[in-house]
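Nothing in this text is a laboratory measurement; each read-out follows from the coordinates by a stated rule. None of the values given here were measured: they were computed from a predicted structure. As a convention, Cβ positions derive from the backbone with ideal geometry for all residues, glycine included, and neighbour counts pool all protein chains shown.
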Amino acid sequence: MVRSILSFAPNPNRRLWRFLLPVIRPCSHCGKQNRVPAKFLASSGRCGFCKYLLPPVAEPLAVDDQLFDEIVQNSPVPVLVDFWAGWCRPCVAAAPEVARTAANMAGRAVVLKVDTEKYPQVAGRFQVSSIPNFVVLLGGRTVTQQAGLVDHNQMERWLKSAAAVSA
């Protein structure tokens, strides 16, 4: 489904605007910034300026606690969360696999990265005691959780399995 991202947008000077449309994505054609609602991150849209196609998010999104909640609660597709820290060597080794999963599952899933050093309260909600730790959520509920390094094939299987459950 293709939508014009900014055609229905409220006044951008309101504080509420940030919470309704939390992710800012640049247009690859004109370079203008576009605010994308959490529920449309896995959908194609159109640039509000030049109307060029904005593809679904195909890279992991680094999120804070508020953006995490917004995406998890509103995403119509499964969400893979990578709990990580910069000092963790297995987390650094997992990063390319997480990025590949995001690219391969674009339009069918959303991939988030939560820095456990900056947002320990989010990690605490999922009893994350070792990292990397991966959680698949659908409709705000945990479908799968596993600690330890895994490859992109395993992450994609989790996401496809979660999507099959919702169908």
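Report the calculated FRET efficiency for S161 and S130 (r = Cβ-Cβ distance, R0 = 22 Å), to the nearest 0.05.
0.45
Please report W84, W158 as a ranked list, fewest other C-beta atoms within 10 angstrom at the top and most at the bottom.
Ranked by crowding around the Cβ, least crowded first: W158, W84.
With Rg and Dmax of the Cα atoms in Å defined as stated, name the option among [x] 15.9, 46; [y] 21.1, 71; [z] 19.4, 63 computed from the structure displayed.
Answer label, from the structure shown: [x].
Quickly estimate the mean residue ellipticity at 222 nm for the chain, helices only: each DSSP H run with n ≥ 4 gives -39500 (n - 2.57), and the total goes over all residues, rounded to 500.
Only helices count here, giving -9500 deg cm²/dmol.
Would you pull out the residues with amide H under 5 Å of L61's amide H, same chain only if 5 or more places away, H placed 1.01 Å from N?
Residues meeting the criterion, in which the H sits 1.01 Å from N, are V111, L112, K113.
Just rank E97, E59, fewest to most, by other beta-carbon atoms within 10 angstrom.
Ascending number of Cβ neighbours within 10 Å: E59, E97.
Could you calculate the contour length gain from N104 to K32, that is, 0.36 nm times the residue separation minus the distance between their Cα atoms, to one decimal place in nm?
Contour length minus the Cα-Cα distance gives 23.4 nm.
Determine, from the Cβ-Cβ distance of K118 and A58 and an R0 of 22 Å, the FRET efficiency 1/(1 + (r/R0)^6), rounded to the nearest 0.05.
FRET efficiency, K118 to A58: 0.40.
Hey, how many Å between the Cα centroid of the range 83-102 and the Cα centroid of the range 103-141?
Each part reduced to its Cα centre gives a spacing of 12 Å.
If contacts are Cα pairs under 8 angstrom and at least 6 residues apart, what is the relative contact order of the chain in percent?
The value is 21 percent.
Exposed loop trypsin sites (Lys or Arg not before Pro) only (DSSP loop, at most 11 other Cβ atoms within 10 Å): please give the longest stretch of the chain free of them, not including the sites.
Counting only loop sites that pass the neighbour cut-off, the longest clear stretch is 16-167.
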